[in-house]
Each structure stands twice: as C-alpha cells, then as structure tokens.
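Heads up: the structure comes next, in structure tokens.
The values are calculated or read from the model by the stated rules, or taken from the named source; none is laboratory data. On a predicted model such as this, the values are computed, not experimentally measured, just so you know. Methodologically, a virtual Cβ is constructed for each residue, glycine included, from the backbone with ideal geometry; neighbour enumeration extends over all protein chains shown. Just so you know, the surface numbers come from the protein's heavy atoms only, side chains and all, with ligands and any DNA or RNA stripped out. Shrake-Rupley method; radii C 1.70, N 1.55, O 1.52, S 1.80 Å.
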Amino acid sequence: MSQQTPPGVEATDTATTTTVTTTEATPIWRKFLGSSTGRNIGLIVALVLIFAAGAITAGDSFTSVNNILVILRQASIIGVISIGMTFVIISGGIDLSVGSVMGLASVVATLDVMQHLVDQTHWIFMVVVAIAVGIVAGIVNGVVIAYGNVVAFMATLAMLVAARGLAEILAERRTLTVDSRDFINFMNADFLGVDILIWMFALVALAGWLVLNRTTFGRRTVAIGGNREAARLAGINVKRHTVWLYAIAGLSAGIAAVMILGRTTAGTSTHGTLYELDAIAAVVVGGTLLIGGRGTIVGTVFGVLIFATLSNVFVQNNLSSSVQAVAKGIIIVVAVLLQQRFAARSARD
C-alpha cells in the first residue's frame, strides 16, 4: 500500500509551491518600473514629451536657450521649497505652512530696522535673518507636532494662517523694498551664463540628495515614514527627528524667501501664496509616497521641472491659467493613481 501524505504537510508544500510560482511570474519590467530608477525614467519621458509639445506648438521661442533658462529660473524658488517638503513627506508628515513662512521671512528681512542694520553691516545679515525666521517657524511646527501630539495637517495649517497674519501686521499690508543694491546685484548676477537662483536650487537639491541618500539622518527619515513605531523600537528618537525635519522645511522656506527677495527686490505678506500646494504636487509627481516611507530628491527635481515646463508651454501658447490649473490637477491625480497601483503590486510581490 502507498503511504498517504498527512494533510498538514500537503497544504504546506502547496503553499510553498504557490509562493515560489508567484514570485517567479513577476515580470522584470514591472519590477523595473516599480524601482526608483524606473520611476525617474518615467519622469524624464514625461518631461521630454511636454518639451516636445512646447517645441511643436511654440517653435523656436520655446526651445531657445533664454527660454530654457527662464523655465529653470521659475522652477528654482518652488524647487527649493519642494526639497524641504520631500523630507517631511517621506517621514509621513505634511507641511502646509511653507508658503506663508516664506512670506513672513521676506517681510521680516525687509523691515526698516533690518534694512538699517544691513546698511551698517552687510547684506548677508538680511539673508541670515530670513533663513533664521524660516528655521524658527519650522522648529515651532516640529515641536507642536512631535511633543504636542498635534496632527501635522492641523499644526501646519495653524502656522499657515498665523505666519500670513503676522506678516501682514509687520508689513502693515505694505510692500517693503530691499535697499541694498549689492544684494540685488548679486542675486541677479549669473555664473557661467546661468542665474544665481538656478545655482542656488542646484546646490540645495545636491545637499538634499546627499543628506537623504548618504547619511544616517536620511535613512532614519525613510525608516520613520515606513513604520514610525518600528523606528522608535529600533532606537530612533522619533520626536527629536521630527523637529529636525520640520526645521529643514523651514530652512528651505527661508532660503526661498532670500531668492524671491532677490528676484522681486521686495518683501510682502503675499509672497509664497499657494506655494505649499505647488511643492506638494511636485513632490508627489516626483514619486514620493504621501503616506511616507519612499521618495527621492531626483524625482522631486523632475516633478518641479515638469510643472515649470508645462506652465511655460501654456504661457507660450497664450492659454489661460484656468486651463493650466486643470492640467496640473489631472497630472496630480494620475500620479497618485500610479503610486497606489505600484504600491499595491509591490505589496503583493
């Protein structure tokens, strides 16, 4: 008589065989598209297609070197804010206050007393003040969220309203001008034919990439976004790290304030209006998960360039800003849907 296999053993063998078969059946192209390299290549393709559309519809005026520099210049300020936003979202948070903090920093740096001190010292003093305002606002956000246990959405929403209101009070609803001609000349200069604003964006992006990919701080940020409790049990001081993350977001807002002061030569409470939404959109389109745990600085840079190029295509073709807003909305929805689909596939694999 043949010996029968116990039911428990048969079930285990079948489950094992099924698991192996499922893993082997996963197409290589699907794994590639789900990787960071595959996502970045997809962003490059999207950027090339948008650029091709602009070249076809607007011709030489779109493909000229001057217009390309215009696109990069327009992308630079929101790009710097987006780098800081990337860190926050990777950790599973959100910061709705960066635009208002940027406006507040621009106002504080251009107050009469600050401009007088700049005249007595050096224009770098104004830069330090603007960046300091951003960092302080970011730390306040981080402390309220980490130690006050307030949801990030509500805490940063409160900062959004408060920072904008404080900027209006300090500026008395006026536009404050930058008096330092040396600062204006420096911020509007170019190096190797490329504007200083573009160089600043490139340096901030490079610094962000190094911190996220080559430091323990970056690895801890990803770990916190992936599983906050597991990160805490692994010995990471999650609360302190959260404060630092929002300080980075504030730092990026302060740097952006310096950039917009150089570009507009004025500080006003209206600076940075809705910039937080543009930054979040660029980060999400760049492949960073809104739930945290995954994201790249390179993807964020491409996301910023995609929206900046798209805006330029609309301007070159004299299309309304309303149509542009609809197109941006569609792009964001498609990006989120693709994120969910690839995330679900990765979970199954």
Tell me, what is the per residue accessible area of segment 199-294 in Å², probe radius 1.4 Å?
43
Could you size up the charge dipole of segment 208-349 around its Cα centre, putting +1 on the beta carbon of Lys and Arg and -1 on that of Asp and Glu, and report it in debye to the nearest 20?
540
For segment 52-77 and segment 201-239, write down the distance between their C-alpha centroids in whole Å.
35
Just to be sure I understand: if I project the alpha-carbon convex hull of the chain onto a plane and average over all orientations, what area do I get in nm²?
23.1
When averaged across all projection directions, what area in nm² does the alpha-carbon convex hull of segment 117-264 cover?
10.8
Across all directions of projection, what mean area in square nanometres is found for the Cα convex hull of segment 279-337?
3.9
Taking the Cα atoms of segment 201-349, what is the range of coordinates along each of the three principal axes, in descending order and whole Å?
54, 40, 24
Name the residues whose placed amide hydrogens come within less than 5 Å of the amide hydrogen of A266, ignoring near sequence neighbours (fewer than 5 apart) on the same chain.
V178
For R219 and V336, compute 0.36 nm times the residue count separating them, minus their Cα-Cα distance, and round to one decimal in nm.
39.7 nm
For segment 189-333, averaging the sequence separation of alpha carbon pairs under 8 Å that lie six or more residues apart and dividing by its residue count, the contact order in percent is 21
Can you tell me how much longer the chain between R173 and D112 gets when fully stretched, taken as 0.36 nm per residue apart minus their C-alpha distance, in nm with one decimal?
20.5 nm
So what does the Cα-only Debye profile of segment 173-236 read at q = 0.19 Å⁻¹, as log10 I(q)/I(0), no solvent term?
-0.78
According to a simple spin-label model (label point 7 Å from Cα along Cα-to-Cβ), what is the distance in nm between S61 and I124?
4.3
Report the gain in length on full extension from L210 to A234: 0.36 nm times residue separation, minus Cα-Cα distance, nm rounded to one decimal.
6.3 nm
Counting each pair of different Cα atoms once, what's the Kirkwood radius of segment 94-153 in Å, rounded to one decimal?
12.5
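What percent do you get for the relative contact order of the chain when only Cα pairs under 8 Å and 6+ apart count?
Result for the chain is 32 percent.
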Note down the magnitude of the dipole of the chain about its Cα centre, charges +1 on Lys and Arg C-beta and -1 on Asp and Glu C-beta and zero elsewhere, to the nearest 20 debye.
660
